[in-house]
1. To the nearest 10 Å², what's Ser195's accessible area with a 1.4 Å probe?
2. Taking a probe of 1.4 angstrom, what is the accessible area of Lys583 in Å², to the nearest 10?
3. Provide the FRET efficiency to the nearest 0.05 for the Phe422-Arg51 pair, computing r from the beta carbons and using R0 = 56 Å.
4. Using a 1.4 angstrom probe on heavy atoms only, work out the carbon and sulfur share of the accessible area of region 437-572 in %.
5. Tell me, what does the Kirkwood hydrodynamic radius of region 534-601 come to in angstroms if you use every pair of distinct C-alpha atoms?
6. Order His525, His656, His79, most accessible first, counting only protein heavy atoms with a 1.4 angstrom probe.
7. Take Cys238, Cys420 and sort them by solvent-accessible surface of the protein heavy atoms, 1.4 Å probe, largest at the top.
8. Using a 1.4 angstrom probe on heavy atoms only, work out the carbon and sulfur share of the accessible area of region 114-244 in %.
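The values are calculated or read from the model by the stated rules, or taken from the named source; none is laboratory data. All values reported here derive from a predicted model rather than from experimental measurement. Using ideal geometry, Cβ is built from the backbone for each residue, glycine included, and neighbour counts are taken over all protein chains shown. These area figures cover heavy atoms from the full protein model, side chains too; ligands, DNA and RNA do not enter into them. Shrake-Rupley method; radii C 1.70, N 1.55, O 1.52, S 1.80 Å.
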Amino acid sequence: MAKKKKTTGSKPSKKTENLAPHTEEGTDQFLTTNQGVRINDNQNSLKAGERGASLLEDFILREKITHFDHERIPERIVHARGEAAHGYFQVYESMAKYTKAGFLQDPEKQTPVFVRFSTVAGSRGSSDLARDARGFAVKFYTDEGNYDLVGNNIPVFFIQDAIKFPDFVHAVKPEPRNEMPQAASAHDTFWDFISLSPESMHMIMWVMSDRAIPRSLRMMEGFGIHTFRFINATGKSCFVKFHWKPLLGVHAVAWDEAQKISGKDSDFHRRDLWNAIESGAFPEWELGVQIVAEKDEHKFPFDLLDPTKIIPEEVVPVIRIGKMVLNRNPDNFFAETEQVAFHPGNLVPGIDFTNDPLLQGRLFSYTDTQLIRLGGPNFHEIPINRAVAPVHNNQRDGFMRQAINRAETSYEPNTVSNGCPFQAGVRDGGFTSYEEKVDARKIRGRSQSFFDFFSQATLFYNSQSEVEKTHIVNALRFELGKVTRPDIRVRVVGLLTQVEKSLASRVAAGLGIQVPAKPEQPINHIRPADANIKDYEPRAQKQQVASSAALSMANTVKNTITSRQVAFLVADGVSGTDVSKMKADLIAAGAQVQLIAPKLGQIKVSNGTRLEADQSLLIAASVLFDAVYVPGGAASAALLKKEPAALHFINEAYKHCKAVAVNREGIEVLKETYLPIEENEPGLLIDSNSKAFIKAIAQHRFWEREAVDEIPA
Ligand code: HDD
């Protein structure tokens, strides 16, 4: 009950309108026990005298400590580290031609979504900036039931069959003897497994690329990975691959930066998502689909059921069919983000599975894992998991049951409840599975159409810009450099020769080893005990395209600075005009500005006014910003050029290829750095206007600098 009710009128606030059932406001309330008894003293336990022993009868103490003792639930075995947001999805025009899914029919309709992003390997408290794939799981609360699209930011996977998933996860997780390293694939067991699993080579190209170190969760693509089916109202089916295209483009940080961010702010992605939504810069993605007619299933030089393959966008274009906007942060991390339970098996009429063996295994795993993680079969009743569609069935009881089922029956068929709940015919929205023809022998095996391990790894590598290729080489040198067993390194380099010879030789050179003349084919490790070795040999297939522009981040959107973070380095005597003009222009273009000064508190401005510093140089780090500006003001410049932290800030931002701008006396600070103060230096703006700075920030990075500039930062 409210202590003293503050009312601002009879209408609930907008926020309250959105609240799920069971939401507790937590304001203006008396403290109570879980039984609702008001608590008089929350500071002292009940004792036999002031200095006496505590009494067992203290139900307030016991309840509080007991609940606390049980606060933790098992973290997710994979994707433990994550963050989420609410929003909505809206289709652009009806997709009735392909699917009868209700949420894909009406352009007027907004379907609520809850989206959880995650890293895969690390524990719940690990750094956001690990080199890793990112989970991209979307729960659509549709009128026909919940639909989950549980994907990643990479369109392929490491393995082709779910039976290998526990092996893969055991290999990438910290090593069993000493639980090291946390949230990192750079260790022996991971690369041992990879070196024996040639099917992983395409995915390895992606995770060694900068896709695995995104600048922001808001700036990464998402993929459903598997081929799914759409089914329309006439029962006609086609194949579909799902894509999420971020409207801010696809951008990444530098590897050196990623490692530093992990120390400076290991919540970097979580904070960025939270702050963007709080500030009204709502993250947006378009949902794209690649549609393949049923008759074209076998037209590709790879198998549509193989989750280590993409359909190049040049071969089947991505049609953008709708938009997702994330516009509300969760109210409570545990209740929503931690307890949300995704499942690729949560389907709605109009969408169905294919026989991708990785997907088929997933269909078992997700419910099974929720049973242990969330403690019983009623996790669908937790508010964040509840369908908005009505739920009626004869399932009953179990741990933590919330529903109070009033019916006199819990079986079917029945007459006692007039036969209720009834089966729904197709016209009433009843789900029916696609009637795929199946006529086969029961075998444990893999189709030979899955045995082209390298062609698409080559396609990916060849589609990268020179800078991106170098980043892949360096990532492989880093990861394999951390491997302690030389034979593992040699085996991986052997696999790389089959992707691209120059890649293998560059990696080998960095590791100080020779490219093996005859790379080992790890067939013996991937074939069943009695299988014919010939059946397991890789079979290269010529791909329809030699390179694909969509695979390179170099070709992404570079026309916006929405939500970009810009650091202004300022000290006493800074030019007020420079600060206010540049700040106003950047904010008008959608960016956010922080004033960084030698210390916190007020800064004296040249015109006699004062400004409040947002952060001190002790706290701020260049790796947490997208660009740096040093305004004019002789006194400010004189102070900053004597501040090693300010000089380091600029050197480091430049090393990480970010836009740097200075005006007037700001150049004096630059002269003390390692930056080349030359005209036409890309992304270095001396006495330019804000328009040029905005254009430079929108470029995201000037990667070409890496090749020429040696900045010791
Ligand atoms: Fe998985 C979680 C994505 C293969 C078993 N997976 C999980 C999450 C994502 C994915 C995004 C986190 C969901 C959340 O935010 O709560 N998983 C994928 C993708 C895969 C994939 C894109 C391949 C294409 N997964 C996969 C296989 C298996 C699992 C083959 C098991 C056979 N995945 C799980 C799991 C998790 C999970 C153990 C851990 C926590 C959870 O389910 O809820 O069941």
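1. 0
2. Spelled out: Lys583, probe radius 1.4 Å, area about 70 Å².
3. 0.25
4. Within region 437-572, the accessible surface is 49 percent carbon and sulfur.
5. This gives a value of 16.7 Å.
6. Descending accessible area places them as His525, His79, His656.
7. Cys420, Cys238
8. Carbon and sulfur together cover 57 percent of it.
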